[in-house]
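Derivation of every value follows stated rules applied to the coordinates shown; laboratory data play no part. The shown structure was predicted, so the numbers you read here are calculated from the model rather than taken from an experiment. We place every Cβ from the backbone using ideal geometry, glycine too, and count neighbours over all the protein chains shown.
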Amino acid sequence: MTSTPAFVDFDKVWLAYNDELLAQGNFAVEDISLKVGRGEFIAIVGPSGCGKSTFMKLTTGLKMPSKGSIKINGESVTGPLKISGMAFQAPSLLPWRTTLDNVLLPLEIVEPYRSNFKAKRKEYEARASQLLESVGLGGYEKKFPWQLSGGMQQRASICRALIHEPKMLLLDEPFGALDAFTREELWCTLRDLHAVQKFNVILVTHDLRESVFLADKVYVMSKSPGRLMVEKHIDLPRPRDLEITYTKEFADIVLELRGHIGAIRKTGVVAASPA
């Protein structure tokens, strides 16, 4: 245990989606308690429908818990957070805006940037261009989404999520629609951004290799109602290169997590950890 407060602190959190379901004791997630340290990268894995996306909505303040409490950066969550950025499986870039203008969008609509956008546009454009350069999109600022590959669009989407310098990045299956080679390239892009900027990351994914490669901890959720059944510390040294994914140490961690998920899918109970 560290003496500094957790950046993300869930304390016995339950969520029912409406009052009727609450009265019936029908919860989407139940009894979630976890603490995430500042700058930590965690991944949430589990079978479909287990509540991973619900967990994300709770973390961003888009949903309020029915029971329990959530603190982010030491403050109770009472509504949508401004200190977080989000990226999803679909990049959702606006087709009529250039790559640069898509990345700038949060600064146009989120305070305090919105009030200063016209006056500081050149400064913000320079920030966006630098961010695009860092993910390999230098020179693509004036291209439209239809002129970019799927991987390029997802890079731009991540830049858009980071342009307002959030303290926390939430990723919901961000690489799920991409081919294996592009997906691994973006793992390395995200790894490098996190190493430099030290923001917190919560990644929801079905890809166990992705979770083990990127995260400091991996949590396995049960079938609905979602509970955190397993917390696995990933003790692989950083920085991690793709070559580590071919090692026995890496494969053993993936197999252990797969065993837990397989047991949950069949019985709702986690598998015993290997000796």
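Counting Lys and Arg as +1 and Asp and Glu as -1, what is the net charge of the other residues whose Cβ lies under 14 Å from the Cβ of Thr247? After counting each charged neighbour, the total is -2. Remark: Cys159, Cys50 ranked as Cys50, Cys159, counting other beta-carbon atoms within 10 Å and listing the fewest first.
May I ask for the angle, rounded to the nearest 10°, between helix 248-267 and the longest principal axis of the chain, with both axes built from Cα atoms and the value confined to 0 to 90°? Tilt of helix 248-267: around 60 degrees. Counting other Cβ atoms within 10 Å as a rough exposure proxy, the listed residues His206, His164, His233 run His233, His206, His164 from fewest neighbours to most. Length gained on full extension, Glu20 to Lys67: 15.4 nm, using 0.36 nm per residue less the C-alpha separation.
Counting only alpha carbon atoms, the long axis of helix 99-109 and the longest principal axis of the chain meet at about 70°.
Between segment 155-223 and segment 10-54, the C-alpha centres lie 20 angstrom from each other. Here segment 15-163 yields Rg over Rh of 1.04, to two decimals, using C-alpha coordinates and the Kirkwood radius. Of the two radii for segment 169-275, the radius of gyration is 0.96 times the Kirkwood radius, both from the alpha carbons; that is the Rg over Rh value. Amide H to amide H, with H built 1.01 Å from N, Gly226 comes under 5 Å of Val29, Glu30, counting only residues 5 or more places away or on other chains. With helices as the sole contributors, the chain gives -11000 deg cm²/dmol at 222 nm; each DSSP H run of n ≥ 4 counts as -39500 (n - 2.57), and the sum is divided by every residue. A convex hull fitted around the alpha carbon atoms of the chain yields 147 Å³ per residue.
By other beta-carbon atoms within 10 Å, ranking Asp172, Asp235 with the fewest at the front produces Asp235, Asp172. Scanning residues 5 or more positions from Met221 or on other chains, those with amide H under 5 Å from its amide H are Val45, Gly46, Met229, with H placed 1.01 Å from N in the peptide plane. Per residue, the average separation of C-alpha pairs within less than 8 Å and at least 6 apart gives the chain a relative contact order of 24 percent.
Here's the list of lysines a cross-link from Lys223 could span, going by alpha-carbon distance under 27 Å and ignoring same-chain residues fewer than 8 apart: Lys12, Lys35, Lys52, Lys57, Lys63, Lys67, Lys71, Lys232, Lys266. Semi-axis lengths, largest first, of the ellipsoid equivalent to segment 106-227 are 28, 18, 13 Å, with √(5λ) applied to each eigenvalue of the Cα gyration tensor. Residues whose amide H falls under 5 Å from that of Lys63, counting only those 5 or more places apart or on a different chain, are Leu58, with hydrogens built in the peptide plane.
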